[in-house]
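First comes the structure, then the notes that go with it.
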Amino acid sequence: MNPGSSLKLGRIFGIEIGIHYSWFLIAILIILSLSGYFSEEHGTWASSVIWSMSILTAILFFAAIIVHELSHAFVARLKGLPVSSVTLFALGGVARIEKESENPQTEFWLGIVGPITSAVIGGVCLGAARLIGWTPGSDPDSPALAILVWLGFVNVALAAFNMLPGFPMDGGRVLRAIVWRITGDRDRATAAASKTGHLLAVMFIVLGLFMFFGGAGFGGLWIAFIGWFLLNAAKASYLEVELRRALGDLRVENLIENNFPVIESNTSIDQIVDDFLLKSGERWFMIVEQGVPVGLVTPREIAAVERRLWKFKTAGDVMRPIADLHTVDPMTPAIDALEIIGRENVNQLPVIDDGRLRGVVSRERIINFLVTRRELNL
Ligand SMILES: [Zn+2]
C-alpha cells in the first residue's frame, strides 16, 4: 500500500493520521451493511434514525481502529522506535514503524498491545451498555444501546482476529517474539510467523470459497478476499526475511559510490542535459556550491521543468536540496537502505558521515550485489 495516496487528517502527538483512498469504498459498504443490520433488528425505528446510527457507528468503528493502531505507535515510541504515520485502508489500519524491534520483549509488547486495546474498547462499550440498562442476550432497545453493543462485540472480535498467530496479524508479531525468545534467532522467528501467516491465509481462502459455493454468498467471497490479502502480506514479509538473509550484515559503507559526477549549482539545465546527462550515461548528479554539496538532480527533476525554460533555469533552481533528501550513514544496514529506497520511491540515497557527504548508495548497486551473490550460489 502506498501511503502517498492517502488523505491526511492531521497529527496526533506528531504521528500523521491518514486515510487511504481505498478506505472510502469500504466505509460506504460498512454503512450500508450496518443500516441493513439495524433495520432488520429494529424494524420499527425511523429510517432517519437507522441511517444516523449507521453513520455514527461506522465513524466510531474507524476511530476504534485508529486507537488500536495508535496503541502500537505508542509502544513503538516508548521503546525508541520512530513511528511516522497511522493510515486507515480498506482492510484495517497500519502503523508505520520505521525500525525493527531490537529484542523479543519489544516485539512482544508491540504486537500484543493492539489486541489488548481492542479488547478493552470492546469491554468498555459492553460495560457501558450494561450500565445503561442492556442485559446480555437481549435485544438492545435504544439506538445508543444498539450502537454500544455492536461496537462492543466487533471490537472483541477484532481483538480475537488480530491474535491469530501469523503475519501480518498482531498475533504474528507475538508468535515471532516467542520463537525469537526461545531460539535467539530473529530471522527464523520471522520465517515461522510468515509461514503460519501463509497457512492461515490459505485457510481463509478455502473456507471463504466453501462458504460461497455452500450458499453464503457475498460473505464467503469477502472471507476469501481477506485470505488473499493476508496471503500477499505474508509473502511480502517472507520476501523481506530472504532479502535480510541475503544482505546479511552488509552495511551501506561497502556499497558507497563516490565517483559521482559533480555539477556547479549555477549550471543551466540545457547544459546539464547536453554535457552531462546525454554524454555520461549517469542518471543523477551531485550539485555543489563552492565545493560543498547542496543537492541532487536526476532526470526526474529535469523532466518536471518545461522544455522551453531549460535555458533559463539552473541546477540550483530544480535540485532537491540535501536537507529534503532521506539520507543514510555508512553504518546503516544495506537492507534498511533498500527499504527506504523502496518506500520513498527513489533510486539512490546520499550517504552522510559526520555532516559530510561521502557518496550515494543506489538501488542498482544493492541489486547487483544480490545478483552476484546468487550467481556465486552464496
Ligand atoms: Zn494491530
_Anything in the range 269-318 that is at pLDDT below 90 and hydroxyl-bearing (Ser, Thr, Tyr)? List them, or say none._
SER280, THR298
*Residues within the range 240-268 that are assigned to a helix (DSSP H, G or I), buried (at least 18 other Cβ atoms within 10 Å of the Cβ) and modelled with pLDDT of 85 or more, tallied*: 2
*Would you check if PHE108 is surrounded by 16 or more Cβ atoms within 10 Å (Cβ to Cβ), touching a helix residue (DSSP H, G or I) at 6+ places or on another chain (Cβ under 6 Å), among the aromatic types (Phe, Trp, Tyr) and at pLDDT below 85?*
no
_For the range 68-85, which positions are within 11 Å of the ligand (Cβ to nearest atom) and of a type in the set (Val, Ile, Thr)?_
VAL75
*Only one residue in LEU110, LEU88, LEU60 is outside any helix (DSSP H, G or I) and either within 10 Å of the ligand (Cβ to nearest atom) or in the same structural domain as LEU25 (by TED's automatic domain parsing) (or both). Which one?*
LEU88
*Quick one: would you say ILE28 is of a type outside the set (Lys, Arg), under 30 Å from SER84 (Cβ atoms), surrounded by 15 or more Cβ atoms within 10 Å (Cβ to Cβ) and out of contact with any helix residue (DSSP H, G or I) (no Cβ under 7 Å at 6 or more places or on another chain)?*
no
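Conditions tested, residue by residue: (1) among the polar types (S, T, N, Q); (2) touching a residue at least 60 places away in the same chain (Cβ under 8 Å); (3) part of a helix (DSSP H, G or I).
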{"site": "ALA146", "(1), (2), (3)": "no, yes, yes"}
{"site": "ASN155", "(1), (2), (3)": "yes, yes, yes"}
{"site": "LEU158", "(1), (2), (3)": "no, yes, yes"}
{"site": "GLY172", "(1), (2), (3)": "no, yes, yes"}
{"site": "LEU175", "(1), (2), (3)": "no, no, yes"}
{"site": "ALA192", "(1), (2), (3)": "no, no, yes"}
{"site": "PHE210", "(1), (2), (3)": "no, no, yes"}
*Please verify whether the range 207-225 includes one or more residues that are out of contact with any helix residue (DSSP H, G or I) (no Cβ under 9 Å at 6 or more places or on another chain) and surrounded by 13 or more Cβ atoms within 10 Å (Cβ to Cβ).*
no
*Is it fair to say ILE226 is of a type in the set (A, V, I, L, M, F, W, C), within 16 Å of the ligand (Cβ to nearest atom) and either outside the structural domain of GLU40 (by TED's automatic domain parsing) or modelled with pLDDT under 90 (or both)?*
yes
_Where ARG11 falls short, out of the listed (1) free of Cβ contacts under 8 Å to residues at least 40 places away in the same chain; (2) closer than 25 Å to PHE153 by Cα; (3) of a type outside the set (Val, Ile, Thr); (4) surrounded by fewer than 15 Cβ atoms within 10 Å (Cβ to Cβ)_ = (2)
*Please specify each residue of the range 285-308 satisfying the condition of being surrounded by fewer than 18 Cβ atoms within 10 Å (Cβ to Cβ) and in contact with an Asp or Glu (Cβ under 9 Å, 6 or more places away or on another chain).*
VAL288, GLU289, GLN290, VAL305
*asked:* I'd like to verify a number: residues in the range 328-352 that are surrounded by fewer than 17 Cβ atoms within 10 Å (Cβ to Cβ) and either more than 14 Å from ILE366 (Cα to Cα) or charged (D, E, K, R) (or both), how many?
replied: 5
*Could you please let me know if ALA192 is hydrophobic (A, V, I, L, M, F, W, C), crowded, with 21+ Cβ neighbours inside 10 Å and away from the ligand (no atom under 16 Å from the Cβ)?*
yes
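Among the residues of the range 319-349, how many are among the small types (Gly, Ala, Ser) and without any contact (Cβ under 8 Å) to a residue 24 or more places away in the chain?
Summing the residues that are among the small types (Gly, Ala, Ser) and without any contact (Cβ under 8 Å) to a residue 24 or more places away in the chain in the range 319-349 gives 2.
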*Under 7 Å between Cβ atoms, at least 6 apart or on separate chains: pull out the pairs that start in the range 51-79 with a residue that is under 13 Å from ILE147 (Cα atoms) and end on any residue that is more than 15 Å from the ligand (Cβ to nearest atom) and of a type outside the set (A, V, I, L, M, F, W, C).*
TRP51/SER35; MET53/PRO143; SER54/SER35
*asked:* Of everything in the range 91-107, what is away from the ligand (no atom under 12 Å from the Cβ) and part of a strand (DSSP E or B)? Give them in sequence order.
replied: ARG96
*So GLY137 fits all but one of (1) more than 16 Å from the ligand (Cβ to nearest atom); (2) under 24 Å from the mean Cα position of the chain (by Cα); (3) outside any helix (DSSP H, G or I); what number is the exception?*
(2)
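Residues VAL202, VAL120: which one is at negative phi and within 16 Å of the ligand (Cβ to nearest atom)? Write out each step before concluding.
Values: VAL202 fails: within 16 Å of the ligand (Cβ to nearest atom).
Going through VAL202, VAL120 in turn, just one is at negative phi and within 16 Å of the ligand (Cβ to nearest atom): VAL120.
The values are calculated or read from the model by the stated rules, or taken from the named source; none is laboratory data. Owing to the predicted nature of the structure, the values given are computational and were not obtained by experimental measurement. All Cβ positions, glycine included, derive from the backbone under ideal geometry; neighbour counts span all protein chains shown.
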